[in-house]
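Since every read-out is calculated from the coordinates, none of them should be taken as a lab result. In this text the structure is predicted, and so the values were computed from the model without any measurement. Here the Cβ is made from the backbone with ideal geometry for all residues, glycine too, and neighbour counts use every protein chain on show.
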Amino acid sequence: MTGGSRSGTPDRRTILGTSGPTDSTGPPALPSITLSAPPTHRDLPGPLPRARPGWGPPYGGGRRERNLGGVSGRKVLVTGASRGIGRAVAAAFAGQGDRVAVHHRDSPDLAEQARAALPGEGHVVVQADIADPEQVRRMVDEAAAALGGIDVLVNNAGVFLHHPLTEVSYEQWQDAWRRTLAVNLLGAANAAWCAVRHMPRGGRIINVSSRGAFRGEPEAPAYGASKAGMNAFGQSLAIALAPHGIAVGTVAPGFVETDMTNEHLKAPRGDAIRAQSPFGRVARAEEIAAAVLYLASPEAEWATGTIIDLNGASHLRT
């Protein structure tokens, strides 16, 4: 349930994952920035190049080898990748020949285990508290330096704080909202801003949202609001970055089986959780990863701006 799969999840204090007009000459220039970065870093003194028809040259020098995920040899940053959905996403990209930066906040051992288990070579571990803008900037720059750029960013890291309005103090209420929005929404936005500075034409940003954005989270309203904001943020970026050849997609999982949810699925409440879907089960993290892999592929460029529901028909929207 990390990152994007809270609806129907148990009572836990914290769950970690884990526009202005343009003229006819091209997209507006992004502001220049001055950072200590490798030669591959994009300081953006002017506008990114406009996309030409099709997806153009391979991602960041990646090989033109088509497969289910698109091309191999890309550089991928996955936040909240030490466990759960994020770990499955990292494994899916590595399995098709991509190099992955495994992000964690405070789980270095788990992150290293996740990195070591990835097929292939060149994978790295990076650390940051996603709620801290400067740590996010440093982490993204470190990932880009180690990988030689960033072709794909997966915004998966997230927190869930239990804060029912009628059961918490005003101070607890404020703290829950501040922390949840700082990680789930602002952290993802900051990671995207930083990653785009390293991202070539053909790049991808994939956000891991939640069905809670649509059906509500009565015990964690800040979580539902943060994921609804992520959906709008992703669609706004899809429009803003399309002229630069960068596509943005979002997945919205329901309840997902991970090492952090197994104990609750085995409890008496587990049957009710599984019954939310007519399939009588919950999602596997690998199923979420497969959808992320598709949205990151060249073939999914025309799906930019989409939000894919991954909840086994447990919540249908029209």
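Quick notes
- Panel order for 239, 307, by other beta carbons found within 10 Å of each beta carbon, from fewest to most: 239, 307.
- Share, in percent, of DSSP beta bridges within region 66-310 that are antiparallel, nearest 5: 5 percent
- Within-11-Å neighbourhood charge of residue 309 [Cβ basis; K, R +1; D, E -1]: +3
- Peptides 295-302, 78-85 ordered by average Cβ neighbours within 10 Å, highest first: 78-85, 295-302
- Among 132, 109, 141, the ranking by other beta carbons within 10 Å of each residue's beta carbon, starting with the fewest, stands as 109, 132, 141.
- Each of 273, 181, 310 was scored by the projection of its Cα onto the charge dipole of region 66-310, and the greatest displacement toward the positive side belongs to 310; charges sit on the C-beta of Lys, Arg, Asp and Glu.
- Separation of region 79-133 from region 221-267 is 18 Å, based on Cα centroids.
- Total charge dipole magnitude, region 66-310, about the Cα centre, Cβ charges on Lys, Arg, Asp, Glu only, Debye to nearest 20: 500 debye
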